[in-house]
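The values are calculated or read from the model by the stated rules, or taken from the named source; none is laboratory data. Note that the structure is a prediction, hence the values are computed from the model and not measured. Cβ sites come from the backbone with ideal geometry, for glycine too, and all protein chains shown count toward neighbours.
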Amino acid sequence: MELYEKTLSSEKIFDGRVIHVTLDQIELPNGHKSSREVVNHPGGVCVAALNEKNQLYFVKQYRYPYHEVVLELPAGKLEKGSTPLENGIRELKEEVGAVGKDYRSLGELYPSPGYTAEVIHLFFCRIESLGQDCPDEDEFLDIIPIDIDKAVEMVLNNEIKDSKTQTAVLKTAMLLKKGVL
């Protein structure tokens, strides 16, 4: 069986600042018709930045959809006209005040493929220098360096709930253990 759904029509039902939602009419592989609600997002980037003490830099910030403070690696949405790497470099500087070196891709993440087309690009780097952070005017962050082994424990104990952060922490730890990074 060919696992493909053909788009028959697409109706824009919400056009926001960041997300755009469509209601798509589709044809399933068996020929039946159905519909899909799709949240379109420009995509994002997440950076696992390691210092000389084997610590990753995290930010704590209030995340309104969950009504709680969330611990995350530096991250942000992709800006038009910039590559994912350029966006990662910018986000690390803005949120942590850090300049990274030896950037390596950790791949891409689909945060919730059942309803969103968002793709998050994951990167690793080593910290070259630290300066002053300069978050966006609507961002309020606490910067926290955490030892990578402790960060892995926190992921496994569900103290870090953010999926992009979990993935980047675990990939970084495994690749460091294998001597790849």
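Every condition in (1) touching a helix residue (DSSP H, G or I) at 6+ places or on another chain (Cβ under 7 Å); (2) small (G, A, S); (3) within 15 Å of N51 (Cβ to Cβ) holds for G76 except the one numbered (3).
Quick check on the stretch 119-130. Is at least one of its residues touching a helix residue (DSSP H, G or I) at 6+ places or on another chain (Cβ under 6 Å) and aliphatic (A, V, I, L, M)? Yes: one or more hits. Filtering the stretch 140-178 to residues that are surrounded by 18 or more Cβ atoms within 10 Å (Cβ to Cβ), within 15 Å of L109 (Cβ to Cβ) and among the hydrophobic types (A, V, I, L, M, F, W, C) leaves V155, I160, A168, V169.
Taking Y62 as the residue in question, decide whether it is surrounded by fewer than 17 Cβ atoms within 10 Å (Cβ to Cβ), in contact (Cβ under 8 Å) with a residue 40 or more places away in the chain and aromatic (F, W, Y). Yes. Can you find, within the stretch 87-139, the residue that is surrounded by the fewest Cβ atoms within 10 Å (Cβ to Cβ) among those that are under 20 Å from L50 (Cα atoms) and either assigned by TED's automatic domain parsing to the domain that holds D24 or among the aromatic types (F, W, Y) (or both)? Residue satisfying both the conditions and the ranking: Y103.
May I ask you to say which residue of D15, D24 is of a type in the set (D, E), surrounded by fewer than 13 Cβ atoms within 10 Å (Cβ to Cβ) and within 22 Å of V119 (Cα to Cα)?
D15
Filtered by the rule that a residue be at pLDDT 95 or above and either among the charged types (D, E, K, R) or touching a Pro at 6+ places or on another chain (Cβ under 7 Å) (or both), the stretch 99-137 gives K101, D102, R104, E108, E118, I120, H121, R126, E128.
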